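Have a look at the structure below, then the notes.
The values are calculated or read from the model by the stated rules, or taken from the named source; none is laboratory data. Everything numeric here is computed off the predicted structure, so don't read it as measured data. Cβ atoms come from the backbone with ideal geometry, glycine included; neighbour counts cover every protein chain shown. We work out accessible area using only protein heavy atoms, side chains counted, and drop any ligands, DNA or RNA first. Shrake-Rupley method; radii C 1.70, N 1.55, O 1.52, S 1.80 Å.
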Amino acid sequence: MRLLVLGAGGIGGYFGGRLAGAGVDVRFLVRPKRAAQLADTGLVIKSPLGDLVTPVSAVTEAPSPVDAVLLACKAYDLEGAMAAIAPAVGPSTWIVPLLNGVRHLDHLDARFGAERVLGGLCHIGVALGATGEILHLNTLQRLVLGARTNSQQDAARALHGLLERGGFAPVLSQDIQQEMWEKFVFLTTYAGMTTLMRAPIGAILQAEDGEALVRQTLAECVATAAASGHIPSQAAHARMLATLTERGSTGTASMLRDLQRGGATEHEHIIGDMLRRARDARLDAPLLRVSLAHMQACDATRAAGVGA
């Protein structure tokens, strides 16, 4: 199978690099500067699970239709990403999106057809180093994919078999949309609270009402998921709560790190989408309202040239 990976940044570069290193037919669709860098140094991964330096095939324009596309862009880049991969998407091409949230599925379905778009998610801590190397920040490397309809089951199994060659033990989910919603609930709470407080979880929990506010935000997200037909399982809820109430935790959402470095954030795709769904269900979600208003105010401040 021929696999196209959009970009060679943290997520796409890590998983695509592991696959390329295992001999899978992978091409990376990248900008010219990144293509030149990869031609010079190869794709470099530095990880506690083992470093990798491997030559890769990088292109600056999408090739003719491939068998599958691994899409790992930020949500705010989705429109441009869809335009970039379009020439590589044919009638038998499968798209595996690894974006956060769930709103992107509607956009991908509208552009390429729901029958072509599988479900997917990942849990991994990665960053791009100063010289283009991919820095794996811990030992977490979880990638999950699955069929959204019965007609996609064979394709999901075939792609799972391909991804297994990368050595990162991908998971073939039997209910991928439920798993995507569970991550959506957790991430909205995690990002909403750490950006609102500009602090890691451990510091938030030291505040007098910190834990109560975290729990309330999680409850708003859980209620919204339930109204959408995807209430988190008891086990998933317990895992979320354990992470969100871990005393001494230095954990922050990547959205806070993006905010602090002055970069674009996915707040509309994550916090904003959860709030819109809560409103559609006529649910009261005061902390989601405050979290989204805070991020929108930060955007407005930057646009005015004042700094956030």
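Structure notes:
- Result for the chain in a Gaussian network model with C-alpha springs under 10 Å: among 186, 112, 28, the largest mean-square fluctuation is at 112.
- If only the Cβ of Lys and Arg carry +1 and only the Cβ of Asp and Glu carry -1, the dipole of the chain around its Cα centre is close to 280 debye.
- Note, ³J(HN,Hα) from phi for the range 163-168, Karplus 6.51, -1.76, 1.60, rounded to Hz, x at Gly and Pro: 5, 4, 5, x, x, 9
- Size of electric dipole in the range 91-216: Cβ of Lys, Arg +1 and of Asp, Glu -1, about Cα centre, debye, nearest 20: 260
- Distance between the modelled labels on residue 49 and residue 290, one decimal in nanometres: 3.8 nm (7 Å Cα→Cβ projection).
- For the pair the range 194-264 / the range 114-131, the C-alpha centres are spaced 21 Å from each other.
- Between the labelled values [x] 54, 46, 46; [y] 60, 45, 44; [z] 53, 44, 38, the entry that holds Cα extents along the principal axes in Å as derived from this structure is [z].
- Carbon and sulfur %, accessible surface of the chain computed with the full protein complex present, 1.4 Å: 51
- Electrostatic tally near residue 170: other residues with Cβ closer than 12 Å to its Cβ, Lys and Arg +1, Asp and Glu -1, net +3.
- In the range 139-232, a dipole from Cβ-located charges (positive for Lys and Arg, negative for Asp and Glu) runs towards its positive end, and of 141, 232, 193 it is 141 whose Cα lies farthest in that direction.
- Normalised by the number of residues in the range 1-153, the mean separation of alpha-carbon contacts (under 8 Å, six or more apart) gives a relative contact order of 23 percent.
- Here the label points at residue 238 and residue 137, each 7 Å from Cα along the C-beta direction, are separated by 2.8 nm in the simple model.
- Point-charge dipole on Cβ atoms (K/R +1, D/E -1) for the range 212-280, about Cα centre, debye to 20: 180
- A 1.4 Å probe run over the protein chains yields, for the chain, 44 Å² of accessible area per residue, whole-number rounding.
- Beta bridges per DSSP, both residues in the range 43-193: antiparallel share near 55 percent.
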